[in-house]
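Student: Sending over a structure as structure tokens; questions will come in a sec.
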Amino acid sequence: MPVRTALALFSGGLDSILACRVVAAQGVRVVAVKFVTPFFDYELLADPAAYQEKILNKYGIDVFIEDLSPGYLELLHHPRHGFGRYFNPCVDCKILMLTRAKAMMANLGASFLVTGEVLGQRPMSQRRSTMRVIERDSGNDRLLLRPLSARLLKVTEAEEKGWVDRGKLLDFNGRGRNRQIDLAREFGITDFPVPAGGCILADLNLSPRISRIYQGNYMVKAEEITVEDVRLLLFGRQFRLPGGGWLILGRNQEENSLLSSLAQIEDAVLAVAVRPGPTGILRRAANCYPDDSCRQSDLLLAAALVVRFGKKREDDPAETNVFFSLGLKTSVLTVLPLADQVFQDWVLNEG
């Protein structure tokens, strides 16, 4: 009998690790896909080979990384099954991943799909009825095997055709982790991640920022949101200036460097040259303002905020030169630091 291949969705958590190992233990070749978006694990795209090597060495799992960002950004406009407690479309997220995974199967020679879902573990996406909806709407009816809870669910094609033995699959149920930990020890896995809510869309503080940009409350139009826009939302001091401009200030050198790397040609990038302080980005300053006067007004306020959050010295002059680049042009604005009471209503950091 030829060796069957399964394509597994791999989150990097213990459940997905165990699901891969349970299926592989039955002689099935398991290939895993790690989907990433700006909301979870996007940093792995910087060095996918290192991640692949790490997972293979630690858990014996062959994984590759797939960027799901374009489809995911579009999904957030109108998720068919709605949002969870915050801005997290968990059901539609899983449907999108499984739809993409199904499309990959032919190229990988895979006969069925695998996930680490556990019946009853998550209130929104792992109820029995919801799991059935996910199978149906992703076009994976009977194609999707959930090995950790398989014996509590309907028989799949892989079990029916003998590609896996249903009797060697599991009946995990609920939110407890003791059985998972015991199974991990059986596989010799002792170093595994602790459970955590890794999706930024379910974060109490960051989720409202993302929701606001999708509601059109930033200079960026909702239909024009890019990966860079989302990444800029996730750190730094955030302001909506009186002219409508979206300003982000770095809070340390690491954030300053990240801001510089994310800046686009249409952004205004601001900094003080003579002493330490924040890098600022006035997002899409070149093309989002109705006229030059409105843009110049926000640039002056942005420069004053850069000075306000920069380091002070006793002998510094009251006015400070702030350099800014916009397009291919670099200019200087000479400004006073902005008083705190002036800009409090512009702050977007809080949910």
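Nothing in this text is a laboratory measurement; each read-out follows from the coordinates by a stated rule. Computed from a prediction, not measured in an experiment: that's the story for all the values here. So basically every Cβ, Gly included, is an ideal-geometry build from the backbone, and we count neighbours across all protein chains shown.
Student: Summarise the long-distance tail of P(r) for the chain by giving the % of C-alpha pairs beyond 40 Å.
Tutor: Of all Cα-Cα distances in the chain, 29 percent exceed 40 Å.
Student: First measure r as the distance between the Cβ atoms of Asp67 and Asn287, then evaluate 1/(1 + (r/R0)^6) with R0 = 22 Å and state the FRET efficiency to the nearest 0.05.
Tutor: Numbers: r = 26 Å, r/R0 = 1.19.
For Asp67 and Asn287, the calculated efficiency is 0.25.
Student: Could you work out the relative contact order of segment 235-346, using alpha carbon pairs under 8 angstrom and six or more residues apart, expressed as a whole percent?
Tutor: 26
Student: Relative to the longest principal axis of the C-alpha atoms of the chain, give the angle of the C-alpha long axis of helix 128-137, reported between 0 and 90° and rounded to the nearest 10°.
Tutor: On a 0 to 90 degree scale, this one is about 80.
Student: Rg and Dmax of segment 5-186, using alpha carbons, in Å: what are they?
Tutor: Considering segment 5-186 through its Cα atoms, Rg and Dmax are 15.6, 44 Å.
Student: Estimate the FRET efficiency between Ala25 and His77 by the formula 1/(1 + (r/R0)^6), using the beta-carbon distance for r and 56 Å for R0, to the nearest 0.05. Before the final figure, lay out each step's value.
Tutor: Working: r = 42 Å, r/R0 = 0.74.
So, using R0 = 56 Å, E works out to roughly 0.85.
Student: Taking the Cβ of each residue in Met104, Met219 as the centre, tally the other Cβ atoms inside 10 Å and list the residues starting with the fewest.
Tutor: Final ranking by Cβ density, sparse to dense: Met104, Met219.
Student: Please report, largest first and rounded to whole Å, the three semi-axes of the ellipsoid equivalent to segment 235-346, where each semi-axis is the square root of five times an eigenvalue of the C-alpha gyration tensor. Intermediate results must be reported in sequence, preceding the final value.
Tutor: Values: eigenvalues 78, 50, 39 Å².
Result for segment 235-346: semi-axes of 20, 16, 14 Å.
Student: At most 13 other Cβ atoms within 10 Å and a DSSP loop assignment: could you name the trypsin sites (Lys or Arg not before Pro) in segment 65-124 that fit?
Tutor: Arg80, Arg85
Student: So for the pair Leu300, Glu157, with labels modelled 7 Å out along Cα→Cβ, what separation do we get in nm?
Tutor: Once both label points are built, they end up 6.7 nm from each other.
Student: Leaving out same-chain residues fewer than 8 places away, which lysines sit with a Cα under 16 Å from that of Lys312?
Tutor: Partners found: none.
Student: When the chain is modelled as a GNM with alpha-carbon springs shorter than 10 Å, which of Leu56, Leu18, Leu44 fluctuates the most?
Tutor: Leu56
Student: Along segment 286-295, what does the Karplus equation 6.51 cos²θ - 1.76 cosθ + 1.60 (θ = phi - 60°) give for ³J(HN,Hα), rounded to whole Hz, x for Gly and Pro?
Tutor: Taking θ as phi minus 60°, the curve returns 5, 9, 9, 9, x, 7, 5, 5, 5, 4 Hz for segment 286-295.
Student: Once fully extended, how much extra length lies between Arg85 and Asp47, figured as 0.36 nm per residue of separation less the alpha-carbon to alpha-carbon distance? Present the calculation step by step, with values, prior to reporting the outcome.
Tutor: Working: separation 38, 0.36 × 38 = 13.68 nm, distance 3.27 nm.
Fully extending the segment from Arg85 to Asp47 adds 10.4 nm.
Student: If you fit an axis through the alpha-carbon atoms of helix 253-262 and take the longest principal axis of the Cα set of the chain, what angle between them do you get, 0 to 90°, nearest 10?
Tutor: Helix 253-262 sits roughly 80 degrees off the main axis of the chain.
Student: Pop the C-beta distance of Ala103 and Asp316 into the FRET formula with R0 = 51 Å and round what comes out to the nearest 0.05.
Tutor: 0.30
Student: Given segment 5-186, what percent of its DSSP beta bridges are antiparallel, to the nearest 5?
Tutor: About 5 percent, rounded to the nearest 5.
Student: Also, quick follow-up: Along Cα→Cβ, 7 Å out, is where each label goes; now give me the distance between the ones at Phe309 and Arg127 in nm to one decimal.
Tutor: In this crude label model, Phe309 to Arg127 measures out at 4.1 nm.
Student: How big is the gap, in Å, between the Cα center of segment 323-340 and the Cα center of segment 258-273?
Tutor: 12
Student: I'd like the Karplus ³J(HN,Hα) series for segment 233-245: coefficients 6.51, -1.76, 1.60, θ = phi - 60°, whole numbers in Hz, and an x wherever there's a Gly or Pro.
Tutor: 6, 9, 7, x, 7, 10, 9, 10, 6, x, x, x, x
Student: With 22 Å as the limit, write out which pairs from Lys94/Lys154; Lys54/Lys94; Lys102/Lys221; Lys34/Lys161; Lys34/Lys94 have Cα-Cα distances beyond it, or answer none.
Tutor: Long pairs (Cα-Cα over 22 Å): Lys54/Lys94; Lys102/Lys221; Lys34/Lys161.
Student: Averaging over all projection directions, find the projected area of the Cα convex hull of segment 96-222 and quote it in nm² with one decimal place. Could the numbers behind the result be given before it?
Tutor: Numbers: hull surface 43.1 nm².
Mean projected area for segment 96-222: 10.8 nm², to one decimal.
Student: Residue by residue through segment 85-94, which ³J(HN,Hα) values in whole Hz follow from phi under the Karplus form 6.51 cos²θ - 1.76 cosθ + 1.60 (θ = phi - 60°), with glycine and proline marked x?
Tutor: So the J values, rounded to whole Hz, are 5, 10, 9, 9, x, 4, 5, 5, 4, 5.
Student: To the nearest 500 deg cm²/dmol, what mean residue ellipticity at 222 nm is calculated for the chain from DSSP H runs of n ≥ 4 alone, each contributing -39,500 (n - 2.57), summed and divided by the residues?
Tutor: Theoretical 222 nm ellipticity from helices: -10000 deg cm²/dmol.
Student: Let me ask another. Could you put Thr320, Thr99 in order, starting from the residue whose Cβ has the fewest other Cβ atoms within 10 Å?
Tutor: Numbers: Thr320 23, Thr99 14.
So the ranking, lowest neighbour count to highest, is Thr99, Thr320.
Student: Of Trp163, Trp246, Trp346, how do they rank once you tally other Cβ atoms within 10 Å and put the fewest first?
Tutor: In increasing order of surrounding Cβ atoms, one gets Trp346, Trp163, Trp246.
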